[in-house]
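Quick notes on the structure that follows.
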Amino acid sequence: MALEKIQLIKLDQIDRPVKISRDIIDPEKVRELAESIRESGLLQPIILTPRNGRYEIAAGDRRFLAHKLLNLKEIKAIVKELDEREVVVIRGIENLQRVDLTPSEEGQVYLALKEEGGLNTKEICKKTGKSNNTVVRLMHFAKCPEEVRRAVDRKDISLLTWETLQEIDDPVAFDYHFKMAASNGITAVVARLWVDDYFKTKTGTYYTDDGGAPPLNVET
């Protein structure tokens with residue numbers, strides 16, 4: 001297979017992605033990358049695709065920002081003709097290679113690969129190397145309300161604990177238990193006890209430590 005040609009493209013001819021996959025670009029990470037590029041040069045060229053006489057970044061947004069921070073005029077790039085779906089897939093896979101992705105961000109990448117990239121779950125697993133269970137779990141999680149996602153992203157509550165509490169089928173009861181869990185940092189084991197207690201209470205089953213009915217002389 002022929003090597004892809006690396007070109008020098010002027011920064012002022014390049015546009016950043018219209019949709020940025022990450023909501024926040026950490027300035028400190030960009031500064032660290034800029035220092036690395038200053039010391040060792042750019043080790044991996046960015047990927048560009050032609051758009052209306054200019055170039056749009058398909059992969060390498062942070063490398064582009066680091067070059068701007070260094071006041072460089074050109075950047076090493078590979079130019080490819082890509083359609084929108086191909087760009088989504090390339091950006092998604094690049095994002096998954098970062099070590100600082102939150103569960104919400106990772107789930108959003110899988111959703112983008114499915115909804116915008118046109119990939120099914122099996123294809124997503126094949127391209128990313130992730131298990132079917134991981135992809136399905138995080139896509140489901142990415143659709144949750146922002147309050148829930150923030151709590152898991154901040155590690156106030158684990159993903160497994162949230163999944164356990166999701167068995168609670170009453171929205172008000174779930175909200176109560178979820179907020180209690182996030183406030184106290186409970187484990188999935190404790191969450192399982194809460195869920196079991198919820199269903200026993202829901203069915204009106206009073207119980208003793210051994211699961212049986214309480215003695216008749218016990219006052220309620």
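The values are calculated or read from the model by the stated rules, or taken from the named source; none is laboratory data. Remember, predicted model here, so these are calculated numbers, not experimental data. Cβ placement follows ideal geometry from the backbone for every residue including glycine, while neighbour counts extend to all protein chains displayed. Remember, those area values only see protein heavy atoms, side chains included, never the ligands or the DNA or RNA. Shrake-Rupley method; radii C 1.70, N 1.55, O 1.52, S 1.80 Å.
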(message) Condition (residue is under 28 Å from Met139 (Cα atoms), part of a helix (DSSP H, G or I) and open to solvent by 30 Å² or more (accessible area, probe 1.4 Å)) applied to the stretch 18-25: is it met by at least one residue?
(response) no
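Taking Val109, is it open to solvent by less than 70 Å² (accessible area, probe 1.4 Å), in a helix (DSSP H, G or I) and more than 17 Å from Val88 (Cα to Cα)?
Details: open to solvent by less than 70 Å² (accessible area, probe 1.4 Å): yes; in a helix (DSSP H, G or I): yes; more than 17 Å from Val88 (Cα to Cα): no.
So Val109 fails the test.
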(message) Among the residues of the stretch 38-50, what is the count of those that are surrounded by 15 or more Cβ atoms within 10 Å (Cβ to Cβ) and either in a strand (DSSP E or B) or basic (Lys, Arg) (or both)?
(response) 4
(request) Please give the helices (runs of 4 or more DSSP H) falling wholly within the stretch 118-185 in which 1 or more residues are open to solvent by 80 Å² or more (accessible area, probe 1.4 Å) and over 30 Å from Gly92 (Cα atoms). (result) 171-184
(request) Could you pull out the residue among Leu111, Leu96, Leu138 that is within 22 Å of Asp26 (Cα to Cα) and out of contact with any Lys or Arg (no Cβ under 6 Å at 6 or more places or on another chain)? (result) Leu96
(request) Select from the stretch 8-32 the residues that are of a type outside the set (D, E, K, R) and modelled with pLDDT of 95 or more and write down the one among them that is farthest from Leu111 (Cα to Cα). (result) Leu8
(message) Quick check on my filter: what residues within the stretch 51-81 are of a type in the set (A, V, I, L, M) and either closer than 17 Å to Gln7 by Cα or open to solvent by 80 Å² or more (accessible area, probe 1.4 Å) (or both)?
(response) Ile57, Ala58, Ala59, Leu69, Leu72, Ile75, Ala77, Ile78, Val79
(request) Kindly list the number of the only condition in (1) more than 19 Å from Lys127 (Cβ to Cβ); (2) modelled with pLDDT of 95 or more that fails for Ile47. (result) (1)
